[in-house]
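Following: one structure in structure tokens, then a few remarks.
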Amino acid sequence: MRDPINLSHTAALILQTIDQGCSYGFDIMDATGLPSGTVYPALRRMETDALISSQWESEKKAAAEQRPARKYYRVTRIGSEVLERSQKRYPLLGRLQATKSRR
């Protein structure tokens with residue numbers, strides 16, 4: 001059995017942001033206020049740990065919108081479990097989630 005994954009507060013915030021519907025890098029950076037040098041390495045680590053999965057959008061869709069293709073992320077089942085534990089470990093995360101859901 002794998003050892004439980006304990007995320008840093010920042011990684012837990014990123015995971016929660018994805019869970020709340022921000023699904024690509026710039027969207028996550030905008031929602032969290034974190035820089036790309038923090039977000040993208042965290043996304044790579046979380047994908048390696050199977051907390052998130054990703055899929056590139058089609059080049060055709062991106063070209064139609066005149067922008068680079070986006071890599072979309074989603075939280076996996078394991079990621080949901082780790083997020084739940086992280087919200088207990090970092091109570092502020094739970095409060096942030098409650099604040100966003102009231103908007």
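A few points about this structure:
Per-residue answers, yes or no, for (1) assigned to a loop (DSSP other than H, G, I, E, B); (2) among the small types (G, A, S); (3) in contact with a strand residue (DSSP E or B) (Cβ under 9 Å, 6 or more places away or on another chain):
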{"residue": "G21", "(1), (2), (3)": "yes, yes, no"}
{"residue": "T38", "(1), (2), (3)": "no, no, no"}
{"residue": "A42", "(1), (2), (3)": "no, yes, no"}
{"residue": "R45", "(1), (2), (3)": "no, no, no"}
{"residue": "K61", "(1), (2), (3)": "no, no, no"}
{"residue": "Q66", "(1), (2), (3)": "yes, no, no"}
{"residue": "G79", "(1), (2), (3)": "no, yes, yes"}
{"residue": "L83", "(1), (2), (3)": "no, no, yes"}
{"residue": "G94", "(1), (2), (3)": "no, yes, no"}
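- Scope segment 37-62; condition free of Cβ contacts under 8 Å to residues at least 12 places away in the same chain and more than 15 Å from R74 (Cα to Cα); matching residues: G37, P41, S58, E59, K60, K61, A62
- Residues located in segment 27-53, provided they are modelled with pLDDT of 95 or more and among the hydrophobic types (A, V, I, L, M, F, W, C): I28, M29, L34, V39, A42, L43, M46, A50, L51, I52
- Unmet requirement for L7, which otherwise passes all of (1) outside any helix (DSSP H, G or I); (2) in contact (Cβ under 8 Å) with a residue 12 or more places away in the chain; (3) surrounded by fewer than 18 Cβ atoms within 10 Å (Cβ to Cβ): (3)
- Contacts under 9 angstrom Cβ, first residue in segment 74-95 being aromatic (F, W, Y), partner modelled with pLDDT of 90 or more and not in a helix (DSSP H, G or I), 6 or more apart: Y90/L7
- Residue count for segment 53-77, restricted to those that are surrounded by fewer than 15 Cβ atoms within 10 Å (Cβ to Cβ) and among the aliphatic types (A, V, I, L, M): 3
- The criterion of being at pLDDT below 95 and acidic (D, E) holds for D3.
- Per the conditions (1) in contact with a Ser or Thr (Cβ under 6 Å, 6 or more places away or on another chain); (2) of a type in the set (A, V, I, L, M); (3) under 14 Å from L93 (Cα atoms), the sole criterion not satisfied by A11 is (1).
- The set of residues in segment 23-36 that are in a loop (DSSP other than H, G, I, E, B) and free of Cβ contacts under 8 Å to residues at least 40 places away in the same chain comprises G33, L34, P35.
The values are calculated or read from the model by the stated rules, or taken from the named source; none is laboratory data. These numbers come from a predicted model, not from an experiment. When we count neighbours, we look across all protein chains shown, and the Cβ atoms used for this are built from the backbone with ideal geometry, even at glycine.
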